[in-house]
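Have a look at the structure below, then the notes.
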Amino acid sequence: MSRVRADEEEYWHSSKFRAFTFDDEDDELSQLKESKRTVNSLRDIVDDDDDDLERVSWSGEPVGSISWSIKETASGSTTSLDGRDSSLQKGSSSYAALPKQASSYSLSSLFKGRNKLSSFPSLSDALTDTGVKNYAPELRRPKAEYKDYSSDWSPKDTVRRMQRGKVCSLERFRSLQDKLVLLDEAVAGHDGNVITAVLIFLKRTLRREILFRELEMRQVALCHLIHFLREMGEQKFLLDLLRFLDRTEEVALSQYREHLNIQDVEKRREFLKGCIGLPFSAEDTSHIQDHYTLLERQIIIEANDRHLEMAGQSELFRKYPRKASILNMPLVTTLFYSCFYHYTEAEGTFSSPTNLKKTFKIPDKQYVLTALAARAKLRAWGDVDALLTTKNWLGYTKKKAPIGFHRVVEILQRNNAPVQVLQEYVRLVEDVDTRLNLATKYKCHDVVIETYRDLKDRIQLAAYKCKVERGSAEEEKINSILSN
């Protein structure tokens, strides 16, 4: 018993409460949870070693027995019975129906809800049968658990809690003024997620005309809503908003984007034809027209080439089968396709590369770069030479590359051009250092030797002699230059 008294003294003189901090908004909840743990820990005060001792009350009956519990319950005050929960009253009234057992219950077993002898039903089992599961009424929910759903939070506090990731109900903001104040506070907080959440709430609870009118004076929120509608694909709502704002060009562009959702090529062509009359700017109108014309050309080219490929009439299609359809491809891809399969066709045909260049006003650099890549892939070195050869008004011819001969060399080498072809174009690189670097990198020995000879650099020429094959024509050429 002395150890029990020492445990009681230690419990009542100890403290488990924390100091108050302003950061902890749920301090009230933590105190309630701490009190609950305190009540649950009362069972630890009674030592298990004393379970074997029978404690006798003044009535002569063992403390903890069922009859003792009934008498103690009946001797309670009337005021305490009136204040209890109705469910607890039913449970206490059913205690009388429990049979009296022998004095095999101790005070510790009463708290722990268990008996010593397995032959007797436990107190917890008896209470479970009568519908009573707790000895004390359940504590009410703390305010901190439902404070977010109350009407205590101002728009500024609501936005602040949303920024911290806490759930807040916006349904309490019913008037237009409160909703606009909430939106202004969200914009002032510079948090895009909060702004978007408030805009979704306003979009759901306000009429479109009212929402559009108020957003017209709030450009930041307006930009957020437009971006949100585009991301979510709410095209009809977006078009209504843009029409209200009198943004005709944006309305036209939004309608034009709908062609991306049309899979059927004929329906897409008709849709693009209808988009030509939309109120675009002059530059955008020309782009829409080119898009429609390109798709029309692609439909014609695709039908003819599919027929040739299936019939097996073209050797080029047999040797290089098509890997994909030309439909809905960009202009550069279409030009590469035409240069690959239809390079020699007359300008009057729709699939001719020169016809595409003229129709869509393709710049010379883009055309030469695309055609060079296509013909080099086919290893048509004669077409490459003709592509880079120009004739002046006197009838003289010379090599000219709008993209620069250094890029010509790189494209040819990427397509495994022979050294003789590479050397011809490496010589045409004007910058000496670039020419030497390319010639050394791609082992164009003649170009390196000729360049050092023109520079009269005997030392570099003698050093380069060690890099060529012994007894080769390049070594003999270097020896001849050094001896002279």
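The values are calculated or read from the model by the stated rules, or taken from the named source; none is laboratory data. Being a predicted model, the structure only gives us computed values, none of them experimental. Counting neighbours? That spans all protein chains shown, and the Cβs are built from the backbone with ideal geometry, glycine included. Heavy atoms of the whole protein, side chains included, go into the accessibility calculation; ligands, DNA and RNA do not. Shrake-Rupley method; radii C 1.70, N 1.55, O 1.52, S 1.80 Å.
Below is a table of values for the structure above.
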| item | result |
| --- | --- |
| Search result, residues across segment 268-285 that are open to solvent by 40 Å² or more (accessible area, probe 1.4 Å) and closer than 21 Å to Ile301 by Cβ | Arg269, Glu270, Phe271, Lys273 |
| Some residue of segment 334-349 being among the hydrophobic types (A, V, I, L, M, F, W, C), assigned by the TED database to the domain that holds Asn304 and open to solvent by 50 Å² or more (accessible area, probe 1.4 Å) | yes |
| Segment 458-484, residues that are surrounded by 13 or more Cβ atoms within 10 Å (Cβ to Cβ), among the β-branched types (Val, Ile, Thr) and assigned to a helix (DSSP H, G or I) | Ile478, Ile481 |
| Pairs with Cβ under 7 Å, 6+ apart, first in segment 275-287 and of a type in the set (Phe, Trp, Tyr), second surrounded by 16 or more Cβ atoms within 10 Å (Cβ to Cβ) and at pLDDT below 90 | Phe280/Ala252 |
| Residue count, segment 252-267 (criterion: open to solvent by less than 30 Å² (accessible area, probe 1.4 Å) and more than 27 Å from the chain's Cα centre (by Cα)) | 1 |
| Residue count, segment 413-436 (criterion: in a helix (DSSP H, G or I), surrounded by 14 or more Cβ atoms within 10 Å (Cβ to Cβ) and of a type in the set (D, E, K, R)) | 2 |
| Qualifying residues in segment 437-457 (those that are touching a helix residue (DSSP H, G or I) at 6+ places or on another chain (Cβ under 7 Å) and under 11 Å from Ile481 (Cβ atoms)) - the one surrounded by the fewest Cβ atoms within 10 Å (Cβ to Cβ) | Arg453 |
| Filter result for Ile403 (of a type in the set (A, V, I, L, M, F, W, C), assigned to a loop (DSSP other than H, G, I, E, B) and not assigned by the TED database to the domain that holds Glu315) | yes |
| Count of segment 376-397 residues which are farther than 23 Å from Gln413 by Cα and in contact with a strand residue (DSSP E or B) (Cβ under 7 Å, 6 or more places away or on another chain) | 2 |
| Only one of Ala324, Ala303 that is surrounded by fewer than 17 Cβ atoms within 10 Å (Cβ to Cβ), out of contact with any Cys (no Cβ under 9 Å at 6 or more places or on another chain) and in a helix (DSSP H, G or I) | Ala303 |
| Residues of segment 168-196 that turn out to be surrounded by 13 or more Cβ atoms within 10 Å (Cβ to Cβ), of a type in the set (D, E, K, R) and either in contact with a His (Cβ under 9 Å, 6 or more places away or on another chain) or not in a helix (DSSP H, G or I) (or both), as a count | 2 |
| Given (1) surrounded by fewer than 19 Cβ atoms within 10 Å (Cβ to Cβ); (2) touching a Ser or Thr at 6+ places or on another chain (Cβ under 9 Å); (3) not in a loop (DSSP other than H, G, I, E, B), index of the condition Asp385 fails | (2) |
| Answer from Leu206, Leu225, Leu199, Leu211 - the residue that is free of Cβ contacts under 8 Å to residues at least 12 places away in the same chain and open to solvent by less than 80 Å² (accessible area, probe 1.4 Å) | Leu211 |
